[in-house]
Structure formats: structure tokens, C-alpha cells
Amino acid sequence: MNALLSVSNKEGLADFGRSLLQLGVELYATGGTERALSQASLPVHSLQELTGFPELLDGRVKTLHPHVHAGILARRDEPRHLDQLAERGVRLIDLVVVNLYPFSDQVAAGHAGPQALEAIDIGGVALLRAAAKNYEHVLPVVRPADYPTVIEELRRPDGAGPAFRRHLAAAAFAHTAAYDTAIAEHLGACSPAQVLPAELAIGGRKLRDLRYGENPHQAAALYVTVQGRGLAGARQWQGLELSYNNLLDAQAAWALINDFQRPAAAIVKHANPCGVAQAPDLCEAYEKALGCDPRSAFGGIVALNRPVDGDTAERLTGTFLEVVVAPSFAPQALEILARRPKLRVLQPGTGPAVPEVDARPVTGGLLVQTADRSGDSLGERRVVSEREPDEAAWAELQFAWTVVKHVRSNAIVLARAGAAVGIGAGQMSRVEAVELAVHRAGSRADGCVLASDGFFPYPDGVEVAARAGIRAVVQPGGSVNDAAVIAAADAAGVAMVFTGERHFRH
């Protein structure tokens, strides 16, 4: 047997090579891999012994050679193939061990342009695809974690079985697909017109298995697309292992809190905010957010948009929380949070808080949309009522409109003084969403403003809000009953603003 090795990740290489030699396998390797095997005192042939040709273009061309690919792609059960190899003195290659240049790591480190392009592996991808195509005769090996199993399979009297060969081939094609996806994503980021391209590539590398999915009977794992970015690349300072639900809620909270410029805090449960506030300092913002619905905040996920200081950390330890997410943590804050050793403390990696596109599976395909990046203004900002919002109301309407964008539809947010005081989330009826928000706010509803993620189909929602003391409403407008809804607002002396855009969230 002959093996061709060309690996970027040298983990376990020497032991694997030693085991292959013990099985009588001849080793052929490219530059860096050959040096690593030689330094481990293992006999290894250079790639040039296979090709009779030196590397070209600073290593850009080394394995792209007929003597390499013919040796991989030849069918062992096809005499014509074997005769052609014999005529040209081409050796069979039975084992291809390749992992690719770490393109994603280069991009995550900030490299771009020529540096990023040089990290794109061409020959390695071609080797893996050739070996995987001919998996009945050639073993493609991508992951160092598979080395021990490969040796076990080769030690079998009849060699590696067909099921194992298919497993390795699938792993190789998945590896090259994820690799190409990372490249396409990087290059596509430079082409805004290609946000929704004609062909969509989605891929990732498994970072780790999770204990389970949304429920214990569901399997789950976390995959990364660009190493070290966003929530998937977060540093976990302390706490229990992150669950699937922890990560979903942390993403919802992180996306919400990054829509605010002032110091802000958000508390999320089941992907819905149950408290949001902004204030001159972070500790006050958290106090105000907690005041929205302290009962629902129990066991919640907190996101903060400023570095966490000692005072804020002290206040965070006063409530049972599952996760705290923030851009950074002062050493004193980490010492204080350590009093809650099970609390998961996350510091996300670089990059935007919201992915460029949102993809969801449907049977036989994917639904893909661009991210909802509006909400930082009131759109048309069109006053449709007799009463106009005062200066303070305008600021509160903007705050409420920003928050409601992150609440599951039908969604209603009541706010005052830079804080949500009542949130009605995920209701099938808009008037019931208003009733829920008013119920949660209680007496605090009097004098609040209200934001609705969609239009009011009937006047009843506005009437419920007016009876609770709401003084101003912001909504998209666009209902066939807009005139009746505006009349209800005028009858109650409520200011109403149309944005001309909605924020449905399903």
C-alpha cells in the first residue's frame, strides 16, 4: 500500500505514520509534512519521487500532477486502468491523508486580500475529492481524530470495510464543502449585491456536541462558520456547559442589546425579552430592565452592551441567571461573578451581532431572508392623529420601536423613561398582546407609550391601550381599518405615529 500525506494540522501525525509503517505502508508526503515525519525519524518519500517533477509557483502547484491523480483515481477492478498506469510507471495510491490550509483561521485573524487568497487550498481539495470519489479503493482521511480508527480498520484481515469507506468519503466531501463555503462567504462579504446569491452555500465545522437540543430527546451540536466570530466564537469565562437553548436565548439577547447606543441591558427568556432598558450607566440600565418583569427574569439570559464593572456584576449576582453576555468583563467583575460558579459568562467574538442572512429549513429547501436591520429610526415618522407626540414621547416611541423588533409576533411593548414596563409577546391576536402587555405593566402603564410590530386590524387594541393610560402609539399602519383605528386614538386623545414598516418576527 502507498499513502500520500499532506496535512496542515500535524496533530497525531507521527504516531499515525509510525502505525502505517508497521502495517507495511509506504509513505509519500509534501514539504512540511515530509519534514515533520522525518523529524520523527520515520522513513518517508518526497512527493517528487511520485511525480518526477518539482514544486512550482512557491508551492501553489505540487500535487496537481497526473502521476498523483491517476494513482488515486484508477479503479483496481478495471484492467485497462491498471495497464495504463503500468505503461507510464505510475504507482497506485491507496490512502490519502489531507487536511486543508486553515483559511477560516486566517480570515478570523484579520487577514484579507492576498494573504487570505494564499490560504485557499487547491491541491488538497482536489486530492480529497479524488480519493472520496474512488472510496471503494482509496481511503480519504481528513480528521486526525479518525487516525486510530483507520489503523484498526487496516488491521482487519479483509481491510477497511465498505461502510467505513463510505463514512470517510462522506466526511471528506463534507469537509471540502464547508471549506468552500467559508471561502464563498468571505468573498461574498465583499459583494453586497450577492447577499441572496443564485446558489447558496451553507457550511460549518462542528465545534462541539451539546447535551441535547430544545428537549432532551433531541440531538444538537454547535457549528462554527468563521472561527472566533460572534456568539459561536464566544469566550466562556466560567459556568456550566452551554445548552442549545442557552445559545438561542443568548443570540436573541445579544442581537437586541446591540441595537442601542447608550448603556443598555436586556433580559431574555425563551427568545423573548422580558426586560430591556437604557440608562446613563450599565448598573442602572440593568436595574431598570429587571424591574420590567422580575418574576420572568428568574433563570433568564442577560445581555449588556458595555464592559461589565464591579457594581454591575454585584447586582447581577442578586438574581438567579443562566447566562450573562457582554463585550468584556473587568477583573473585579469576574471575581464577583465567580461567586455564582454555575453562571455562564460569555464574551462574544468579533463581528456583527446579527448574521447577514437568516436561513430556516422547510421540507426540501431553505427559506432565506436578509437580516432586519431597520428599527433605528421611526421610518416615515408620520403623525396621523390630531395630537402630536411631545419631545419626550418621541424618544420613548423610538425606544419602544427598537425593542418590539426583537419580540415574537404579535408583539406589543409598553415603555417609559428608557425602559420597557410591559411586553406582550407571541400572541395570535393583537388585542390580546395589548392586554397582556397592559396586565404585566399594571399601574405603570399610565403615561406610557406603546409600540406594535404590526398594524392594528381593529380599533379594539388602541381602545384597551387608551383605557390603561397610554399616551402615544407607534405602529406600521396599512390596515384597511386605519381610519377607524386613528379615530379611536383621536377619541382617547392618544398620539399615533405610522412608520410605514413592520417588524414581524416568527
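Rounded to the nearest 5, what % of DSSP beta bridges with both residues in the chain are antiparallel?
Working: 37 of 67 bridges.
Antiparallel bridges: around 55 percent, rounded to the nearest 5.
Quick check on the chain: helices-only [θ] at 222 nm, where DSSP H runs of length 4 and up contribute -39,500 (n - 2.57) each and the sum goes over total residues. Nearest 500, please.
On the way: 19 runs with 187 residues, N = 506.
Estimated from H runs of four or more residues: -11000 deg cm²/dmol.
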Exercise for the section: State, as an integer percentage, the relative contact order of the range 270-409 based on alpha-carbon contacts under 8 Å between residues 6 or more apart. Expected result: 17
Practice task
Take the eigenvalues of the Cα gyration tensor for the range 240-353, scale each by 5, and report the square roots as semi-axes in whole Å, largest first.
Solution key: 16, 16, 15
Exercise for the section: Count neighbours as other Cβ atoms within 10 Å of each site's Cβ, and list the trypsin sites (Lys or Arg not before Pro) in the range 373-409 that are DSSP loop with at most 15 such neighbours. Expected result: R373, R381
Problem - Carbon plus sulfur fraction of accessible area for the chain, probe 1.4 Å, in percent - result: 52
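Would you work out the charge dipole size for the chain about its Cα centre, treating the Cβ of every Lys and Arg as +1 and the Cβ of every Asp and Glu as -1, and quote it to the nearest 20 debye?
Details: 48 positive and 56 negative charges, 172 e Å.
Taking the Cα centre of the chain as origin, the dipole is about 820 debye.
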Handout entry: Cubic angstrom per residue, convex hull over Cα atoms of the range 368-506
Key = 92
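If the only charges are +1 at each Lys and Arg Cβ and -1 at each Asp and Glu Cβ, what is the size of the charge dipole of the range 151-309 around the Cα centre, to the nearest 20 debye? Could you put the intermediate results ahead of the total?
Working: 15 positive and 16 negative charges, 67 e Å.
Computed about the Cα centre, the dipole is about 320 debye.
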Exercise for the section: Note the listed values (1) 20, 40, 26, 13, 1; (2) 19, 42, 32, 7, 0; (3) 24, 56, 19, 0, then indicate which one is P(r) over Cα pairs in 20 Å bins from 0, in percent calculated from this particular structure. Expected result: (1)
Problem - Principal-axis tilt of helix 391-404 within the chain, Cα atoms, nearest 10 degrees - result: 40
Fill in the blank from the handout: Expressed in angstrom, Rg and Dmax over the Cα atoms of the range 1-93 are 13.9, 40
Problem - Selected from Q278, G461, T33, residue furthest toward positive end of dipole (the chain; charges at beta carbon) - result: T33
Exercise for the section: Using the heavy atoms of the protein chains and a 1.4 angstrom probe, tell me the accessible area per residue for the chain in square angstrom. Expected result: 48
Fill in the blank from the handout: Projected onto the charge dipole of the chain (unit charges on the beta-carbon of Lys, Arg, Asp and Glu, signs +1, +1, -1, -1), the Cα from S374, N2, A472 with the largest positive-side position is that of N2
Exercise for the section: For K269, go through the aspartates and glutamates and keep the ones whose alpha-carbon is under 16 Å away, minus same-chain ones fewer than eight residues off. Expected result: E214, D249, D293, E322
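Nearest 20 debye, what's the magnitude of the dipole of the range 426-465 about its Cα centre given +1 on Lys and Arg Cβ and -1 on Asp and Glu Cβ? Spell out each step's value before the answer.
Values: 3 positive and 6 negative charges, 29 e Å.
In debye, rounded to 20, the range 426-465 gives about 140.
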Completion exercise
Candidate cut points under trypsin sites (Lys or Arg not before Pro) in the range 318-356, DSSP loop plus at most 16 other Cβ atoms within 10 Å of their own Cβ, are R339, K342
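The values are calculated or read from the model by the stated rules, or taken from the named source; none is laboratory data. Just so it is clear, the model here is predicted, and its values are computed rather than measured. Here the Cβ is made from the backbone with ideal geometry for all residues, glycine too, and neighbour counts use every protein chain on show. Quick note on the areas: whole protein, heavy atoms, side chains included, nothing else; ligands and nucleic acids left out. Shrake-Rupley method; radii C 1.70, N 1.55, O 1.52, S 1.80 Å.
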